[in-house]
Amino acid sequence: MERHPRLTRPIHPLLRPDGSIQLGLDPGSALVATGVSAAECRWVTTLDGSRSEEQVLADAAQHGLTPERAGELVRAFAAQGVLDTEGVLEPLERRVVVVGAGSVPGHLVDVLREAGIGEVVRCVEDADPTSTDLAVITSTVPVPAGAGEPWRRARVPHLPVWCGPDHASVGPLVVPGEGPCLQCLELTRVHLDPAWPWIRAQISRPRVGPVVPVETHACVRSLVVGIAASVALDVLAHGPSASGWSLDACAPGPSFERRHWERHPGCPRCASVTSSAVGSQVQQSQWA
């Protein structure tokens, strides 16, 4: 594949008193470049993926750089994560299905499309998993295991998202054959709260009747959509990883809490690989 260098994030070169150049303000990603001029940094900011690396190096002369120096800068900034040398023009050629009714899945679809995902499909209930790269399943209660079965059988990664009036939970990402599945989560809830089956029976939607729209407070909706979209984009860009982590967001505040889930030894779908300590998967008060 032809390489198209592009910035991994927008940057603006900032001059420091010692003559070095600072790129970015984010504590997690900002860096200070020494031995690089402001003009060279400005040249780096022009790399948007629209040109091949060969074209980029040839055009560097217009900015006063030799092809050799331009190549050094591309390699150096790529090593620091500022440049992606595999960048291409096309939007992410991926297919994402968002399952659910209401404003939460609707807003999520809009954000994913705005982010450049090639195809984002919304369905209220049943969807065809064929050629799908990721499914996001939204619900007003912890996503039941059955909702993930079509995706698990088709080996499509799926992300459970559920919302209450002032709370939302995203994850963990289910990667068929790796990490916990939705049935593992359900069995863990039963392990931590033996009364959970009674609760589940009361909150489960009847098989007939309208689908309950997934709604929540406007602030929570923005939080959960942002988190879910961020996870989805990472999965599509770097591949699915069964980390077992979920993230809860609550408002007002906001407050956030991560929870870790593992495969349950009693899960018939994941019996080949299980955890030896189910009780340590999630703290007793954190079963949701």
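Just checking: which of the helices (runs of 4 or more DSSP H) contained wholly in region 158-257 hold 2 or more residues that are modelled with pLDDT under 95 and under 23 Å from residue 102 (Cα atoms)? Step through it out loud before you land on a result.
Working: elements: 182-192, 196-203, 218-238.
The qualifying helices (runs of 4 or more DSSP H) are 196-203, 218-238.
With the condition kept exactly as written, say whether any residue in region 138-158 is more than 23 Å from residue 241 (Cα to Cα), touching a residue at least 24 places away in the same chain (Cβ under 8 Å) and surrounded by 15 or more Cβ atoms within 10 Å (Cβ to Cβ). Spell out the reasoning first.
Filtering region 138-158 for residues more than 23 Å from residue 241 (Cα to Cα) gives 140-141.
Going one step further and asking which of them are touching a residue at least 24 places away in the same chain (Cβ under 8 Å), we end up with 140-141.
Those still in the list that are surrounded by 15 or more Cβ atoms within 10 Å (Cβ to Cβ) too: 140-141.
The answer is yes, given that some residue of region 138-158 is more than 23 Å from residue 241 (Cα to Cα), touching a residue at least 24 places away in the same chain (Cβ under 8 Å) and surrounded by 15 or more Cβ atoms within 10 Å (Cβ to Cβ).
Give 106, 118 a once-over and let me know the one that is in the same structural domain as residue 221 (by TED's automatic domain parsing), surrounded by fewer than 17 Cβ atoms within 10 Å (Cβ to Cβ), out of contact with any helix residue (DSSP H, G or I) (no Cβ under 8 Å at 6 or more places or on another chain) and not aliphatic (A, V, I, L, M).
Working: 106 fails: surrounded by fewer than 17 Cβ atoms within 10 Å (Cβ to Cβ).
Selected residue: 118, the only one of 106, 118 that is in the same structural domain as residue 221 (by TED's automatic domain parsing), surrounded by fewer than 17 Cβ atoms within 10 Å (Cβ to Cβ), out of contact with any helix residue (DSSP H, G or I) (no Cβ under 8 Å at 6 or more places or on another chain) and not aliphatic (A, V, I, L, M).
Can you list the strands (runs of 3 or more DSSP E) found entirely within region 1-46 that contain at least 3 residues being surrounded by 13 or more Cβ atoms within 10 Å (Cβ to Cβ)?
Of the strands (runs of 3 or more DSSP E) lying wholly inside region 1-46, those with at least 3 residues that are surrounded by 13 or more Cβ atoms within 10 Å (Cβ to Cβ) span 21-23, 31-33.
Within region 180-219, how many residues are in contact with a helix residue (DSSP H, G or I) (Cβ under 9 Å, 6 or more places away or on another chain) and touching a residue at least 24 places away in the same chain (Cβ under 8 Å)?
So the answer is 19.
For region 175-188, give me each residue that is over 14 Å from residue 260 (Cβ atoms) and not β-branched (Val, Ile, Thr).
Passing the criteria: 176, 177, 178, 181, 182, 183, 186, 187.
Need pairs with beta-carbon distance below 9 Å; first residue farther than 14 Å from residue 13 by Cβ and within region 28-56, second among the aromatic types (Phe, Trp, Tyr); sequence gap 6+ or separate chains.
Here the result reads none, with nothing in region 28-56 linked to a residue that is among the aromatic types (Phe, Trp, Tyr).
The values are calculated or read from the model by the stated rules, or taken from the named source; none is laboratory data. Worth saying up front: this structure is predicted, and the values here are computed from it rather than measured. Note that we place each Cβ from the backbone using ideal geometry, even for glycine, and neighbour counts take in every protein chain shown.
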